[in-house]
Amino acid sequence: MKPRTRIWIKAISLLVLVAVLHFVYTFFMLAFQHQRANHRFRSYRNLLLDFNTLNLIDDRYEHSFEVWESGSYAMAPLNRRDQDGKPLYSWRFAEYLTWPVPLPNDLHWTAEEYQHYRESVSLYLFCNERELETFVFAMGGPDTAFDQTNPTLVKSLPEDLILFADVYQSKTHWMQPGDFNVETLPDQINVPGGLGSEDYPGFFVCFVDGQIWWLSDETPFELVKRFCTITEARKADRKILEPYCRAKAQANKEHLQWLPQEPPAKNQETQNGNTGC
């Protein structure tokens, strides 16, 4: 065999090997990203239940069946504050105060009494395993579900309103106060502090009715912004986001206290599985 022929054979073999390795790498990366995305779906379902608990322990309201049935309350504040109005810790930590062994609820999130939880969280609802920075922010600010200046009763919230979403590089400890503000929300996807995710392509948003959508990075920010405030969400229909939706899931509506409860027969249609858009 001529030397030149051997060189060509080696070159072609090397190219084939590189192509195969690239295919294998891409396959495993996609599998890993989808695994993380499926874990995120489960996290958002549990997150909704946790915020439901936070509403129930909110000391602003009389804890009565009639209050919850009528929806005559506003969403709990995103931050627990001290007597001077200074934020102590995030809503992400408040649910931990309902554990069987109660923790003091009037300390700053950096307090020594919270050190064990601050440095080793076991439920990973808000951050990836072995990480402490949160991947989820609530959609806060004026005219949102969490507007404390002009609160809206939960029974009046439009179902297409976004409650929570993935945040890109939050730089925020999961216990630390910090969420989106619609007035300062970055108008690009995958910029620090804005919508986006480093764990997989696209990002998740969670609506009032418990629907969780996995949107692509190509989703126009202007469309997403229409579902971040109550006024705009009442005028829009999230069907305009469907062309950019990679998959969706539905949390069990029976567990979302702020929603009108349907008769049991209809609730059979509510599933916990993921579906394509």
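Screening residue 130 against (1) without any contact (Cβ under 8 Å) to a residue 12 or more places away in the chain; (2) open to solvent by less than 60 Å² (accessible area, probe 1.4 Å) leaves a single unmet condition, (2). Taken over segment 86-112, the criterion of being out of contact with any Ser or Thr (no Cβ under 8 Å at 6 or more places or on another chain) and at pLDDT below 90 is satisfied by 93, 94, 96, 97, 99, 100, 101, 102, 103, 104, 105, 106. Checking every residue in segment 228-245 against the condition of being modelled with pLDDT under 95, open to solvent by less than 30 Å² (accessible area, probe 1.4 Å), farther than 20 Å from residue 138 by Cβ and not in a loop (DSSP other than H, G, I, E, B) gives zero matches. Reported count of residues in segment 179-206, each being part of a strand (DSSP E or B) and touching an Asp or Glu at 6+ places or on another chain (Cβ under 6 Å), is 2.
Taking segment 158-184 as the range and being of a type in the set (A, V, I, L, M), crowded, with 19+ Cβ neighbours inside 10 Å and modelled with pLDDT of 95 or more as the test, the residues that pass are 161, 162, 163, 165, 167. The sole residue among 49, 125 that is within 23 Å of residue 252 (Cβ to Cβ), open to solvent by 50 Å² or more (accessible area, probe 1.4 Å), under 20 Å from the mean Cα position of the chain (by Cα) and at pLDDT 80 or above is 49. For segment 246-277, filtered to residues that are small (Gly, Ala, Ser) and at pLDDT below 65, the residue that is most open to solvent (accessible area, probe 1.4 Å) is 265.
Scanning segment 222-239 for residues that are farther than 20 Å from residue 145 by Cβ and not basic (Lys, Arg) gives a single hit, 222.
The values are calculated or read from the model by the stated rules, or taken from the named source; none is laboratory data. Because the structure is predicted, anything quoted here is derived from the model rather than measured. Positions of Cβ are generated from backbone atoms using ideal geometry, with glycine treated the same way; all protein chains shown enter the neighbour counts. Ligands, DNA and RNA are stripped out before the accessible areas are found, and what is left, the full protein with its side chains, is counted by its heavy atoms. Shrake-Rupley method; radii C 1.70, N 1.55, O 1.52, S 1.80 Å.
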